[in-house]
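The values are calculated or read from the model by the stated rules, or taken from the named source; none is laboratory data. Note that this is a predicted model, so its numbers are computed, not measured. Here the Cβ positions follow ideal geometry from the backbone for every residue, glycine too, while neighbour counts run over all protein chains shown.
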Amino acid sequence: MKRLSLAATLLPSAALAHPGHVHDAHDSGAQFIHGLAHPVGGADHLLAMVALGLLAAQLGGRAVWALPVTFVGAMLAGGAMGAGGMGLPVVEPMILASVVILGVLVAMAARLPMAALVPMVAVFGAAHGWAHGAEGPATGLPLYAAGFALATMALHLGGIAFGRLLSRGLELRVLGGGTALAGLALTVA
């Protein structure tokens, strides 16, 4: 009975724990935590961030640092645009496209040239960043942005580590295909 009453007590606060609900706009810790939570709070963001890490691991070489750095840099620029109220009408389709395309690239073990990958990753990063910035707090943007940049980089690094663990084999390609299918499922959800 005590467990049930404890669960009932925590339910209202669990509902408010979803990214987008900041209780104290002047609490810098809350802004940073809110930023950390945002990329992991949605399947579309989470899948794209990890898929980029998988792709970077699969490609190896300079892709291991160039793709994540490009994504995070463009994401921060997109975040500033979103927070500033600049319109980006294709943001949701672009976010979903990033999940599908990055997953397909991993599944196919595609070896596109960096000259094609870097701009594509920058566009995807800007779209994800715009969503983070537009949904973020009215104040405390620098700490919020630091949080979502750190969380994104951690997800990229997790994807890289996991991709290296799978050693670019069939398992990695299957994981890429699963990511692409999950992205397609999100488009109809």
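Observations
- Of all residues in the range 159-176, those that are part of a helix (DSSP H, G or I) and surrounded by 15 or more Cβ atoms within 10 Å (Cβ to Cβ) total 9.
A quick yes/no check of all residues on (1) free of Cβ contacts under 8 Å to residues at least 24 places away in the same chain; (2) within 17 Å of the chain's Cα centre (by Cα); (3) at negative phi:
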{"site": "GLY82", "(1), (2), (3)": "no, yes, yes"}
{"site": "PRO89", "(1), (2), (3)": "yes, no, yes"}
{"site": "SER98", "(1), (2), (3)": "no, yes, yes"}
{"site": "MET120", "(1), (2), (3)": "yes, yes, yes"}
{"site": "GLY125", "(1), (2), (3)": "no, yes, yes"}
{"site": "TRP130", "(1), (2), (3)": "no, yes, yes"}
{"site": "GLY140", "(1), (2), (3)": "no, no, no"}
{"site": "PHE148", "(1), (2), (3)": "no, yes, yes"}
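- Checking each residue in the range 132-152 for being in a helix (DSSP H, G or I), surrounded by fewer than 24 Cβ atoms within 10 Å (Cβ to Cβ) and among the hydrophobic types (A, V, I, L, M, F, W, C) picks out ALA134, LEU141, LEU143, ALA145, ALA146, ALA149, LEU150, ALA151.
- From the list VAL69, VAL123, the lone residue that is in a helix (DSSP H, G or I) and under 25 Å from ALA185 (Cα atoms) is VAL123.
- Single residue of LEU105, LEU112 found to be part of a loop (DSSP other than H, G, I, E, B) and either surrounded by fewer than 24 Cβ atoms within 10 Å (Cβ to Cβ) or touching an Asp or Glu at 6+ places or on another chain (Cβ under 9 Å) (or both): LEU112
- If the condition is being among the charged types (D, E, K, R) and modelled with pLDDT of 95 or more, then the range 35-88 contributes only ARG62.
- Of residues in the range 177-187 being aliphatic (A, V, I, L, M) and in contact (Cβ under 8 Å) with a residue 24 or more places away in the chain, the one surrounded by the most Cβ atoms within 10 Å (Cβ to Cβ): ALA180
- Here PHE71 passes the criteria (1) buried (at least 19 other Cβ atoms within 10 Å of the Cβ); (2) over 14 Å from the mean Cα position of the chain (by Cα); (3) aromatic (Phe, Trp, Tyr) except the one numbered (2).
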